[in-house]
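Novice: One structure, as structure tokens, below. Some questions next.
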Amino acid sequence: MTDRPKPVILIVIDGLTPAMLEATDAPALRFLLEHGNYRRAASTFPSVTPVCLASIATGAHPDVHGIPHLIWWNRSEQRLVEYGSSFGALRAAGLVQGVRDSVVNLNERHLSARAETVYEALEAAGLSTAAIDITTFRGRTRHVARIPGFPAVYGPKQFFFYSVYESDRTGAPLAWLNRSLGSIDAYAATVGRWLVTRNSFDLLVYYLPDYDYASHALGPGAAHEALGRADAAIEALLDAAGGREPFLERYGVVLCSDHGQAPVERAARLEVDGAIVTASNRAAMLYGRDPRALATALDGEPSVDVALFLEDGRVIARHNGDEDLTILEQYPDGLARASAALHNPNAGEVLVSAAEGWEFVDLAGHHHVGGGSHGALARADSEVPMLSVGLGEPPSSITGVKALIAAHFGLPTPARG
Ligand SMILES: [Zn+2]
């Protein structure tokens with residue numbers, strides 16, 4: 001027992017920027033920062049939640065995991081896939097189909113079989129995994145829904161998902177009751193406390209989405225109250241372990257976010273003749289026959305920073321008529337992220353990164369003007385906090401989290417990542 005590696009808790013606070021974490025005086029976060037190794041790390045592109053959570057869970061960029069954006073054109077089924085850019089967008093795409101896409105199909109059909117999730121990797125090695133609320137959850141254990149109409153899914157051994165899937169009865173309240181008051185993080189806290197009390201996992205993925213929800217509304221740098229609620233959800237884990245020092249004796253911790261948040265002042269509806277445009281937050285994709293012509297059609301469009309496409313296998317970055325890859329050097333992992341996004345078989349022929357202060361409206365015309373958004377290559381969208389407590393040096397990219405955890409448990413580190 002003594003030489004068994006400590007269990008690990010991976011805490012993902014959705015949309016948390018490095019600046020907000022570095023300046024926080026929230027007590028549980030402060031405690032973890034003071035006992036760990038911290039750095040800023042890069043997200044993936046497009047820097048939106050489903051793409052980023054897939055990168056965290058699989059240790060790979062979209063060229064490997066296959067999740068391209070919040071909304072995309074499914075070529076084989078000739079239809080839009082919408083993961084929930086907004087409730088209106090979900091409704092516009094068809095609510096039942098949207099929920100099925102974002103919960104079931106994302107994991108079973110859209111997430112590439114070539115990618116391996118951290119749950120699959122650890123459980124193949126005889127370790128036990130648990131996850132709360134994270135949307136990339138593909139695992140080896142079948143879970144039947146608690147709500148009629150939802151099909152069974154395969155997830156980690158212990159799996160809790162917004163009151164819909166619950167592998168154990170924890171007494172947690174319904175996750176959905178009051179989103180704006182942080183009911184989802186409160187649900188996670190109740191389940192997390194239950195799991196830590198029983199200490200039955202090697203890896204717990206503890207996903208806290210309420211911060212991003214608040215930061216979209218209030219803008220980056222303003223969602224202090226929501227960060228306080230995320231902190232309380234972490235404090236619940238410390239308490240359940242018997243206090244701060246016992247918690248650190250028992251667990252290793254990785255804490256990060258999936259992407260940043262950038263201020264939004266203006267919104268644009270992106271339309272290009274001859275293309276299917278899938279736009280959401282600060283990224284868009286164009287599906288069409290002639291990528292160069294489609295990218296050229298965006299010249300002079302003020303909402304567009306860079307239009308990216310492949311020509312003879314090479315990445316082309318077009319900015320207002322100029323084609324110069326050095327423009328990508330100003331962004332964290334700019335060229336590597338652009339290339340990986342373009343090499344995703346589900347991505348559009350042209351990928352669009354929004355200009356500073358701009359957002360693209362979604363299917364329902366929804367935007368976050370006056371608040372915050374993300375999705376672009378820009379540093380504000382793409383830089384995340386990365387903290388390791390007891391697992392050594394934190395990785396420089398969210399794609400390195402899986403390898404860090406695998407190495408902690410002595411598993412071979414995959415070549416990719
Ligand atoms: Zn997110």
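Novice: In the stretch 234-248, what count of residues is obtained for those that are open to solvent by 10 Å² or more (accessible area, probe 1.4 Å), out of contact with any Phe, Trp or Tyr (no Cβ under 7 Å at 6 or more places or on another chain) and in contact (Cβ under 8 Å) with a residue 40 or more places away in the chain?
Specialist: Within the stretch 234-248, residues that are open to solvent by 10 Å² or more (accessible area, probe 1.4 Å), out of contact with any Phe, Trp or Tyr (no Cβ under 7 Å at 6 or more places or on another chain) and in contact (Cβ under 8 Å) with a residue 40 or more places away in the chain number 4.
Novice: Please go through (1) open to solvent by 60 Å² or more (accessible area, probe 1.4 Å); (2) over 30 Å from Leu95 (Cβ atoms); (3) not aliphatic (A, V, I, L, M) for Phe309 and return the number of the only condition it doesn't satisfy.
Specialist: (1)
Novice: Being touching a residue at least 60 places away in the same chain (Cβ under 8 Å) and either in a strand (DSSP E or B) or aliphatic (A, V, I, L, M) (or both) is the filter here, so list the residues in the stretch 91-121 that pass it.
Specialist: Within the stretch 91-121, Ala92, Ala93, Val103, Ala115, Val118, Ala121 meet the criteria.
Novice: Limited to the stretch 19-30, what total is found for residues that are within 16 Å of the ligand (Cβ to nearest atom) and either free of Cβ contacts under 8 Å to residues at least 40 places away in the same chain or open to solvent by 10 Å² or more (accessible area, probe 1.4 Å) (or both)?
Specialist: Our first condition is that a residue be within 16 Å of the ligand (Cβ to nearest atom); within the stretch 19-30, this holds for 20-21.
From the residues that got through so far, the ones that are either free of Cβ contacts under 8 Å to residues at least 40 places away in the same chain or open to solvent by 10 Å² or more (accessible area, probe 1.4 Å) (or both) too are 20.
Total satisfying the criteria: 1.
Novice: Could I ask something else about it? Which of the residues that make up the stretch 249-262 are away from the ligand (no atom under 16 Å from the Cβ) and either open to solvent by 10 Å² or more (accessible area, probe 1.4 Å) or in a strand (DSSP E or B) (or both)?
Specialist: Glu249, Arg250, Gly252, Val253, Val254
Novice: Looking only at the stretch 211-225, how many residues end up being within 20 Å of Phe31 (Cβ to Cβ) and over 18 Å from the mean Cα position of the chain (by Cα)?
Specialist: Residues in the stretch 211-225 being within 20 Å of Phe31 (Cβ to Cβ) and over 18 Å from the mean Cα position of the chain (by Cα): 2 in total.
Novice: What number of residues in the stretch 276-305 are buried (at least 23 other Cβ atoms within 10 Å of the Cβ), over 18 Å from Ile327 (Cα atoms) and touching a residue at least 60 places away in the same chain (Cβ under 8 Å)?
Specialist: Adding up the residues that qualify gives 7.
A quick yes/no check of all residues on (1) open to solvent by less than 10 Å² (accessible area, probe 1.4 Å); (2) farther than 21 Å from Glu120 by Cα; (3) within 16 Å of the ligand (Cβ to nearest atom); (4) in contact with a Cys (Cβ under 7 Å, 6 or more places away or on another chain):
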| residue | (1), (2), (3), (4) |
| --- | --- |
| Arg193 | no, yes, no, no |
| Thr197 | no, yes, no, no |
| Asp210 | yes, yes, yes, no |
| Ala217 | no, yes, yes, no |
| Leu227 | yes, yes, yes, no |
| Ala232 | no, yes, no, no |
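Novice: Which numbered condition trips up Val99, out of (1) more than 14 Å from the ligand (Cβ to nearest atom); (2) out of contact with any Leu (no Cβ under 9 Å at 6 or more places or on another chain)?
Specialist: It fails just one condition, (2).
Novice: Could you tell me whether Leu53 is on the phi < 0 side of the Ramachandran plot, buried (at least 24 other Cβ atoms within 10 Å of the Cβ) and part of a helix (DSSP H, G or I)?
Specialist: Criteria met by Leu53.
Novice: Of the numbered conditions (1) in contact (Cβ under 8 Å) with a residue 40 or more places away in the chain; (2) more than 22 Å from Val361 (Cα to Cα); (3) touching a strand residue (DSSP E or B) at 6+ places or on another chain (Cβ under 9 Å); (4) away from the ligand (no atom under 16 Å from the Cβ), Val12 satisfies every one except a single condition; which is it?
Specialist: So Val12 meets the others, but not (4).
Novice: So Val64 fits all but one of (1) within 16 Å of the ligand (Cβ to nearest atom); (2) under 17 Å from the mean Cα position of the chain (by Cα); what number is the exception?
Specialist: (1)
Novice: I'd like to verify a number: residues in the stretch 323-345 that are open to solvent by less than 40 Å² (accessible area, probe 1.4 Å) and not hydrophobic (A, V, I, L, M, F, W, C), how many?
Specialist: So the answer is 6.
Novice: Let me ask something else about it. Determine, yes or no, whether Val99 is open to solvent by less than 60 Å² (accessible area, probe 1.4 Å) and within 19 Å of Ala60 (Cα to Cα).
Specialist: Values: open to solvent by less than 60 Å² (accessible area, probe 1.4 Å): yes; within 19 Å of Ala60 (Cα to Cα): no.
Criteria not met by Val99.
Novice: Looking for whichever is closer than 17 Å to Ala262 by Cβ, of a type outside the set (Gly, Ala, Ser) and crowded, with 24+ Cβ neighbours inside 10 Å here; the options are Glu383, Glu359. Which one fits?
Specialist: When all the criteria are applied, what remains is Glu359.
Novice: Right, here's the next one. Looking only at the stretch 22-50, count every residue that is out of contact with any helix residue (DSSP H, G or I) (no Cβ under 8 Å at 6 or more places or on another chain), more than 21 Å from Met285 (Cβ to Cβ) and assigned to a loop (DSSP other than H, G, I, E, B) and tell me the total.
Specialist: Adding up the residues that qualify gives 2.
The values are calculated or read from the model by the stated rules, or taken from the named source; none is laboratory data. All figures in this text were calculated on a predicted structure; none of them were measured in a lab. Heads up, the Cβs are rebuilt from the backbone with ideal geometry, glycines too, and the neighbour counts pull from every protein chain shown. Ligands, DNA and RNA are stripped out before the accessible areas are found, and what is left, the full protein with its side chains, is counted by its heavy atoms. Shrake-Rupley method; radii C 1.70, N 1.55, O 1.52, S 1.80 Å.
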